[in-house]
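To start, the structure itself, in structure tokens.
The values are calculated or read from the model by the stated rules, or taken from the named source; none is laboratory data. Only a predicted model underlies this, so the values are computations on that prediction, with no experimental measurement involved. Here the Cβ positions follow ideal geometry from the backbone for every residue, glycine too, while neighbour counts run over all protein chains shown. Accessible surface areas use protein heavy atoms only, side chains included; no ligands, DNA or RNA. Shrake-Rupley method; radii C 1.70, N 1.55, O 1.52, S 1.80 Å.
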Amino acid sequence: MVRTDGSMKAAKFDYIQAATVDEVVDALAKGDGEAIVIAGGQTLMPMLSMRLARPETVIDINRIAELSGIEVASAANGDEVVIKACTRQAAALASDIIQTQLPLLAKAIAYVGHQQTRNRGTVGGSLSHADPASEIPLTALTMDAYVRLRSVAGTRDVAMVDYFLGPMMTARADNEILLSVHFPTAQTGVRTGTAFHEVSELRGDFAVVAAAAVIELDGAGTSTKVALGIGGADGVPKRITELEEKLRGGRIDPGGIHAALGEIADALSPGGDQHAGAAYRRRVAAVLGERALLEALAEAERA
Amino acid sequence: MRKHQIELQINGKAIAREIEPRLSLTDFLRGEQGLSGTHIGCEHGVCGACSILLDGVPIRSCLMLAVQADGHALTTVEGLTQDDGSPGLLQAAFQDAHGMQCGYCTPGMIISAQALLVDNDDPSLEQIKDAIGGNICRCTGYVQVIESIQLAASRMREAHL
Ligand code: FES
Ligand code: FES
């Protein structure tokens, strides 16, 4: 089937190849809700082709140098790793900074997509799309990351806990662009363990359910931080805060983790779809949650 | 809706063209350039049939606008033949090891395999599976696809000796 001009899939739009972020925010303001940013295109392109999205203007940010790269910066509470929005997932996977400074993200990103999608797909794109089962949003939430958003009115930072509002819905307004995501790095002197697990139909596909865990221990073996995030089992990626609180502040024994698993099921309201039913997701969330916590604990104890 | 001028390289040839921005890269290659070797399976980024190389790395051409390819160098499956047009290394290996049945997924498989073998002429089974993980085949069950890639790799190694 050879298509010619007459049978294009996407509805008509104007295209702007932006050279600077200023240009992007101006165009977003002018677009008044009818303009949309394209980065790697891995989720927007299908939406355009199926005409689920019919923007008047598409603003391409792929050539904006200031939107790509990974760097360590100092922030109020210690160092952070800044990943600019248009950084390709393939670049994140290959990044030494992520491998050494953000072990949980390094583990999670190995599950993201296939080589063809990672070569175009961006870190900011995953966070903007906000699929509740997607690995990068789940990891950002579990690591207490925040995003920096910008509009003509200025720049604001939004913590991950306040960022995800529902499936594919975030706190970013139509006139804002996501500039970067900021991950705190581990403090010196604490022993950190991390783990990431997921169940998917095919490696590289979206997770049906995913679990991410971080445990930090002090010199005496007392847990100073416990974070457990579950993806794919609710409308947004979720932290299991009740369980975290139960486990924090003492020595964690594996039996204690097992005893607290009920908190995982209680915290989640999964939906069912063609991939898995709600009961399955709830059960797998508890199994993967336990596995991730046990593995993170063992890693922290070895550290 | 303003048209845009793009200049790019396809299989080593310089192309300049004026296009509507909503044209997908797959449709540009097939419809405007007559390069129908790049296949359209799902048209929404799940099957891998439309894979091409963009500046040497594999991507899904249905997930890119043609206008975004401005200034880039593309390689399609047509670009992997030998200079005289006869099958290239991977194409011949797929023929010899029966790496295709209907052939629908084949261009995408060959592009993914090309990206793998360019840096690694002795890939493990896991590395091959990972490389073609984003390419769906409804016919072969993948075994002969993998064997074809292994055959191409072994021929590459022999040629390097
Ligand atoms: S046609 Fe592009 S991935 Fe299926
Ligand atoms: S050979 Fe038919 S889809 Fe792969």
- If you roll a 1.4 Å probe over the range A:12-165 with all protein chains in place, what percent of the accessible area is carbon or sulfur? 48
- ³J(HN,Hα) computed for each position of the range A:62-77 - Karplus, 6.51 cos²θ - 1.76 cosθ + 1.60, integer Hz, glycine/proline x: 5, 9, 8, 4, 5, 9, 10, x, 10, 8, 9, 10, 9, 10, 3, 9
- Note on the structure: Partner shielding of B:27-39, as the mean number of partner chain Cβ atoms within 10 Å, equals 2
- Accessible surface of B:His160 in the full protein assembly, 1.4 angstrom probe, to the nearest 10 Å²? 130
- Note on the structure: A student applying the Cα gyration tensor rule (rounded when a/c is under 1.5; otherwise prolate if a/b is larger than b/c, oblate if not) would label the range A:119-267 prolate
- Dividing the helical contributions, -39500 (n - 2.57) per DSSP H run of n ≥ 4, by the residues of chain B yields a 222 nm value, nearest 500 deg cm²/dmol, of -9000 deg cm²/dmol
- Heavy-atom accessible surface that B and A bury in contact, both chains counted, 1.4 Å, Å² to 100: 3200
- Task: Could you work out the mean count of beta carbons from other protein chains within 10 Å of each residue's beta carbon in B:64-76?
- Result: 3
- Task: Under a 10 Å cutoff between Cα atoms, tell me which one of A:Gly113, A:Gly124, A:Gly272 has the largest fluctuation in the Gaussian network model of chain A.
- Result: A:Gly272
- the range A:66-184 shape via C-alpha gyration tensor axes, a/c threshold 1.5: rounded
- Among beta bridges that DSSP assigns inside the protein assembly as shown, antiparallel share in %, nearest 5: 85
- Dipole magnitude of the range A:177-284 about its Cα centre, charges +1 at Lys/Arg Cβ and -1 at Asp/Glu Cβ only, in debye to the nearest 20? 140
- Item | P(r) weight above 18 Å for the range A:2-60, C-alpha pairs, percent | 36
- Per the range A:191-302, sqrt(5λ) over the Cα gyration tensor eigenvalues, sorted largest first, in Å, gives 26, 14, 10
- Taking the highest mean first, how do the peptides B:27-35, B:122-130 order by number of other beta carbon atoms within 10 angstrom per residue? B:27-35, B:122-130
- Message: Let me make sure I get this right: for the range B:4-80, a, b and c are the square roots of the gyration tensor eigenvalues over alpha carbons, sorted descending. Under 1.5 in a/c it's rounded, otherwise prolate if a/b > b/c, else oblate. Which is it?
- Response: oblate
- Note on the structure: With T = 10 °C, eta = 1.306 mPa s and Kirkwood Rh from C-alpha pairs, the Stokes-Einstein D of chain B in µm²/s is about 99
- Task: Report which residues of the range A:41-64 become buried by 50 Å² or more of accessible surface when going from the isolated chain to the complete set of protein chains (1.4 Å probe; DNA, RNA and ligands ignored).
- Result: A:Met45, A:Arg63
- Query: So what's the net charge close to A:Gln187: Lys and Arg +1, Asp and Glu -1, counting the other residues with Cβ under 11 Å from its Cβ?
  - Reply: -1
- Message: If you take each beta carbon of peptide A:197-205 and count the beta carbons of other chains within 10 angstrom, what is the mean?
- Response: 1
- Net charge over other residues, Cβ less than 14 angstrom from the Cβ of A:Pro167 (K, R count +1; D, E count -1): -1
- Using the charge dipole of the range A:82-219 (Lys, Arg: +1 at Cβ; Asp, Glu: -1 at Cβ; taken about the Cα centre), state which of A:Cys86, A:Leu178, A:Leu202 has its Cα farthest towards the positive end. A:Cys86
- Note on the structure: If the label point sits 7 Å along Cα→Cβ of A:Ser269, residues of the range A:145-172 with amide N under 15 Å come out as A:165-167
- Any chance you could give the angle, 0 to 90 degrees and rounded to 10, that helix B:106-119 forms with the longest Cα principal axis of chain B? 70
- What angle, in degrees between 0 and 90 and rounded to the nearest 10, separates the Cα long axis of helix B:143-160 from the longest principal axis of the Cα atoms of chain B? 80
- Query: Taking 0.36 nm per intervening residue step and subtracting the Cα-Cα distance, what contour gain separates A:Thr224 from A:Ala153 on full extension?
  - Reply: 21.7 nm
- Across the alpha-carbon set of the range B:72-161, Rg over Rh with Rh taken as the Kirkwood radius works out to 0.94
- Task: Between beta-carbons, use under 10 Å as the cut-off and find the net charge around B:Met156, counting Lys and Arg +1, Asp and Glu -1.
- Result: -1
- Item | Computed magnitude of the charge dipole of the range B:89-159 (debye, nearest 20; Cβ of K, R +1, Cβ of D, E -1) | 260
- Task: Give, ordered by residue number, each residue of the range A:9-24 whose 1.4 Å probe accessible area is reduced by a minimum of 20 Å² on adding the remaining protein chains to the chain alone.
- Result: A:Lys9, A:Ala10, A:Lys12, A:Phe13, A:Asp14, A:Tyr15
- Please list the helices of chain A that count as membrane-span-like by this rule: a mean Kyte-Doolittle hydropathy of at least -1.0 together with Cα atoms stretching 27 Å or more along the helix axis, each helix being a complete DSSP H run. A:278-302
- How big, in percent, is the set of alpha carbon pairs in the range A:122-210 lying more than 19 Å apart? 44
- Task: Grab the beta carbon distance between A:Ala75 and B:Ile15, set R0 = 45 Å, and tell me the FRET efficiency rounded to 0.05.
- Result: 0.45
- Item | Separation between Cα centres of the range B:1-40 and the range A:61-78, rounded to whole Å | 33
- Total charge dipole magnitude, chain B, about the Cα centre, Cβ charges on Lys, Arg, Asp, Glu only, Debye to nearest 20: 460
- Over the protein assembly as shown, average the accessible area per residue using a 1.4 Å probe and give it in Å², no decimals. 42
- Query: Counting DSSP beta bridges in the range A:35-98, what percent are antiparallel, to the nearest 5?
  - Reply: 60
- Can you list residues whose amide H is under 5 Å from A:Gly121's amide H, if they're 5+ apart or on another chain and H is modeled 1.01 Å from N? A:Gln89
- Task: Please work out the ratio of the alpha-carbon Rg of the protein assembly as shown to 2.2 N^0.38 Å and round it to two decimals.
- Result: 1.03
- Ordering of A:29-37, A:166-174, A:227-235, B:98-106 by burial proxy (mean other Cβ atoms within 10 Å per residue, highest first): A:227-235, B:98-106, A:29-37, A:166-174
